[in-house]
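Participant: Below are the structure tokens for one structure; questions will follow.
The values are calculated or read from the model by the stated rules, or taken from the named source; none is laboratory data. What you see is a predicted model; the values in this text were computed from it and never measured. Cβ placement follows ideal geometry from the backbone for every residue including glycine, while neighbour counts extend to all protein chains displayed. The accessibility values were calculated without ligands, DNA or RNA, using every heavy atom of the protein model including side chains. Shrake-Rupley method; radii C 1.70, N 1.55, O 1.52, S 1.80 Å.
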Amino acid sequence: MGELVLTGPSLMAGYLADLDAGGPRAVEHRTGDLAYQDAEGRIVLVGRNRDMIIRGTVNIYPGLFEPRLRELPGVANAVLVGVPVPDGDERVVLVVTAEGVTAAGATAAGGTRDADAAPVVRAGTELARAVAGQVAQVLDHGALPDLVVEATHVPVAGRSRKPDRRALVSLVSSLTGTVRA
């Protein structure tokens, strides 16, 4: 498995500003997608390179584990993030949201909150403790989180509305005893 890199006759020459400045023509395009080629020759996408968490010699691909975590009782959403520590490694933090709370901010009880507001993140909640007790059943040993926290909601970014992992790292770094570099 590795990053999908494309090349070919229809590849762009490069970014105009770079070419105008005398920069070299592009010979390949790094997609940022993690992929492998299966036995039948098909390319299988498995995640994003920049979402990878590095802990020691283990590379953790959150996209491989998050669907299993979302199936745990009481969990609506689950996002694994890596919080950098001074030695170059990352602490793994699992951020979960409770069932009954939608991404738009409405709760099952009918209350609302501002979906654009920063999530409130807490360790030691009933849900966080329950999930922490179950993660070993659904995660590989190397991907076990150092900390499980509960958030009111997961912030999203961009047109794709994917989880904003950078925002989550900033929110949880104080809980892990580390400071975002």
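Participant: For Asp33, work out the one condition from (1) open to solvent by less than 50 Å² (accessible area, probe 1.4 Å); (2) at pLDDT below 85; (3) of a type in the set (Asp, Glu); (4) more than 14 Å from the chain's Cα centre (by Cα) it doesn't fulfil.
Facilitator: (4)
Participant: Given the conditions (1) in a loop (DSSP other than H, G, I, E, B); (2) touching a Gly at 6+ places or on another chain (Cβ under 8 Å); (3) open to solvent by 50 Å² or more (accessible area, probe 1.4 Å); (4) modelled with pLDDT under 85, report the number of the one that Arg25 does not fulfil.
Facilitator: That leaves (4) as the condition not met.
Participant: I would also like to ask the following. For segment 154-181, enumerate the residues that are assigned to a loop (DSSP other than H, G, I, E, B), free of Cβ contacts under 8 Å to residues at least 60 places away in the same chain, open to solvent by less than 90 Å² (accessible area, probe 1.4 Å) and more than 11 Å from Val79 (Cα to Cα). Working first, answer last.
Facilitator: Restricting attention to segment 154-181, the residues satisfying the condition of being assigned to a loop (DSSP other than H, G, I, E, B) are 154-155, 158-161, 164, 177-181.
Checking which are free of Cβ contacts under 8 Å to residues at least 60 places away in the same chain leaves us with 155, 158-161, 164, 177, 179.
Checking the rest, the ones that are also open to solvent by less than 90 Å² (accessible area, probe 1.4 Å) come to 155, 158, 160, 164, 177.
Hits for segment 154-181 are Gly158, Ser160, Gly177.
Participant: Identify all residues within segment 1-22 that are closer than 30 Å to Gly142 by Cα and open to solvent by 40 Å² or more (accessible area, probe 1.4 Å); write none if there are none. Talk me through it step by step, then tell me what you get.
Facilitator: Residues of segment 1-22 closer than 30 Å to Gly142 by Cα: 1-5.
Met1, Glu3, Val5 - these are the residues of segment 1-22 that are closer than 30 Å to Gly142 by Cα and open to solvent by 40 Å² or more (accessible area, probe 1.4 Å).
Participant: Sort out which residues of segment 95-119 are at pLDDT 95 or above and hydrophobic (A, V, I, L, M, F, W, C), and write them in order of number.
Facilitator: Val95, Val96, Ala98
Participant: If a residue must be within 15 Å of Gly74 (Cβ to Cβ) and in contact (Cβ under 8 Å) with a residue 60 or more places away in the chain, how many such residues does segment 117-152 contain?
Facilitator: The total comes to 4.
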